[in-house]
Amino acid sequence: HLERARMALEIENGMSSSERKSDVNKYWVVVKGERCLQVEQVADDRSDLNEGKAEDD
């Protein structure tokens, strides 16, 4: 997650202050007064793909 935070900071540094304030460009949330990087977890469905492939063979 540290690398993602570094990349988000780099992106934000290249934006104007009005762009950073836009809700569309929010990468950070404040939780109990601490600034945190938002991370979306995506289910790993690769096992389903492998099972389907075996059925096709």
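The values are calculated or read from the model by the stated rules, or taken from the named source; none is laboratory data. Everything quoted here is computed from the prediction, not taken from an experiment. Cβ sites come from the backbone with ideal geometry, for glycine too, and all protein chains shown count toward neighbours.
Is it the case that segment 15-32 has a residue that's at pLDDT 80 or above and at positive phi? Looking for residues that are at pLDDT 80 or above and at positive phi, one finds at least one in segment 15-32, hence yes.
Figure legend. Inter-residue proximity from segment 1-26: first residues of a type in the set (K, R) and surrounded by 10 or more Cβ atoms within 10 Å (Cβ to Cβ), second residues part of a helix (DSSP H, G or I) and modelled with pLDDT under 80, beta-carbon distance below 9 Å, spacing 6+ or different chains. Indicated pairs: R20/E12; K26/R20.
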